[in-house]
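Notes follow the structure.
Where a number appears in this text, it was derived from the coordinates with a stated rule and is not lab data. All figures in this text were calculated on a predicted structure; none of them were measured in a lab. Methodologically, a virtual Cβ is constructed for each residue, glycine included, from the backbone with ideal geometry; neighbour enumeration extends over all protein chains shown.
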Amino acid sequence: MSNLVKLSLKKLKSQNILNPELDLRILLNNSKKKNNELFLSTLNEEEINKIKFEKYLSRRLGHEPISKILNKKNFWKYEFYVNYNVLDPRPETEFIIEESLYYIKNRKKHLNILDIGTGSGCLSVSLAKEFLNSKILAIDISQKAILVAKKNILKHGCNNQIEAKVLSFSKVYGSFDLIVSNPPYLSTKEYLSTHHDIKKFEPKIALFGGFDGLTFYKAYAKKLPNIMKKNAFLILEIGEKQASNCIKIFNNSGLKLIKKSKDLQKKDRILVFSKI
Ligand code: GLN
């Protein structure tokens, strides 16, 4: 094994990085001069751009997530540009796409979709690709997040389908077939006990949902039924302990719960409502 590999692994381990071998392999492969896959066991140091690699490594040693170092993260079938201004797309959020596909079987339907708090735009782009005749309004109150969403919309050629803009959901008018949202939902207590690497490298505005974490759901229950067509769907990501509170919040809102589903860790994560 090359000295560079040995030394880098030692440094990563000394910083308690969880998967040092995997991370090193990723960083090396993103610093290579040519397009051949590099392996730790057979690495020839000549094959990498050392300056680039050392920069990446020192950022990882400072616990910066690989996604933020490389400005990319995979979600659903695509790779998205990410930076500090957006939450990294997470695998549990992919269930919003799965539920959309389950409840709306006709992929050719001309859907009117709203994505609240779009962030990187990962939900909007993935939905646009699955429902090719849909029109999507992707909104976020963060100007910086909308810049990222626009970059991803262009990257994936969805500019004809998705309009991304800085706007609060309270100002949205229209009549939608599907509304999706992964709002900030951590309570004060949960945010404080969130791992410091997440607090340091992910935007608080995308994570913190007010004292009890339920601020957005309460406001959604008042507003969203008014901008949904009959039988339209609302698909929300929720915090693992919020299912019963959220269901109560939506009681008598004009929406009925049709599904509560769990993420890969068997935690309550997604609620599906339909307009009565
Ligand atoms: N699941 C995220 C986290 O704990 C929270 C996402 C959110 O608030 N929407 O990192």
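For Lys256, the conditions (1) over 11 Å from Glu99 (Cβ atoms); (2) assigned to a strand (DSSP E or B); (3) in contact (Cβ under 8 Å) with a residue 40 or more places away in the chain are fulfilled apart from (3).
Checked against (1) surrounded by fewer than 21 Cβ atoms within 10 Å (Cβ to Cβ); (2) part of a helix (DSSP H, G or I); (3) touching a strand residue (DSSP E or B) at 6+ places or on another chain (Cβ under 7 Å), Glu46 passes all but a single condition, namely (3).
Scanning the range 221-252 for residues that are closer than 14 Å to Ile113 by Cα, crowded, with 20+ Cβ neighbours inside 10 Å and not aliphatic (A, V, I, L, M) yields a single hit, Phe233. Got at least one residue in the range 104-118 being more than 16 Å from the ligand (Cβ to nearest atom) and either within 30 Å of Asp197 (Cα to Cα) or in contact with a Cys (Cβ under 9 Å, 6 or more places away or on another chain) (or both)? No, the range 104-118 contains no residue that is more than 16 Å from the ligand (Cβ to nearest atom) and either within 30 Å of Asp197 (Cα to Cα) or in contact with a Cys (Cβ under 9 Å, 6 or more places away or on another chain) (or both). Of the residues screened, Asn245 is not one that is in contact (Cβ under 8 Å) with a residue 24 or more places away in the chain and part of a strand (DSSP E or B). If only residues of the range 200-216 that are near the ligand (Cβ under 8 Å from one of its atoms) and surrounded by fewer than 21 Cβ atoms within 10 Å (Cβ to Cβ) are counted, the one that is nearest to Arg60 (Cα to Cα) is Leu207. How about the range 223-252: which of its residues are more than 14 Å from the ligand (Cβ to nearest atom), closer than 23 Å to Leu111 by Cα and not basic (Lys, Arg)? Once the filter is applied, which keeps residues that are more than 14 Å from the ligand (Cβ to nearest atom), closer than 23 Å to Leu111 by Cα and not basic (Lys, Arg), the range 223-252 yields Leu224, Pro225, Asn226, Ile227, Met228, Asn231, Ala232, Phe233, Leu234. Taking every residue in the range 187-205 that is in contact (Cβ under 8 Å) with a residue 60 or more places away in the chain and at negative phi and pairing it with any residue that is more than 10 Å from the ligand (Cβ to nearest atom) and assigned to a helix (DSSP H, G or I), at least 6 positions away or on another chain, the pairs with Cβ-Cβ distances below 8 Å are Phe201/Lys68; Pro203/Ala145.
Residues considered: Ile249, Ile238. Of these, the only one that is farther than 24 Å from Pro91 by Cα and of a type in the set (Val, Ile, Thr) is Ile249. Scanning the range 154-198 for residues that are surrounded by 14 or more Cβ atoms within 10 Å (Cβ to Cβ), more than 19 Å from Asp140 (Cα to Cα) and within 16 Å of the ligand (Cβ to nearest atom) returns Ser187, Glu190, Tyr191, Thr194, Ile198. A single member of Leu123, Leu127 is closer than 29 Å to Ile69 by Cα and within 16 Å of the ligand (Cβ to nearest atom), and it is Leu123. From the list Asn74, Asn35, the lone residue that is of a type in the set (S, T, N, Q), without any contact (Cβ under 8 Å) to a residue 60 or more places away in the chain, surrounded by fewer than 19 Cβ atoms within 10 Å (Cβ to Cβ) and not in a loop (DSSP other than H, G, I, E, B) is Asn74.
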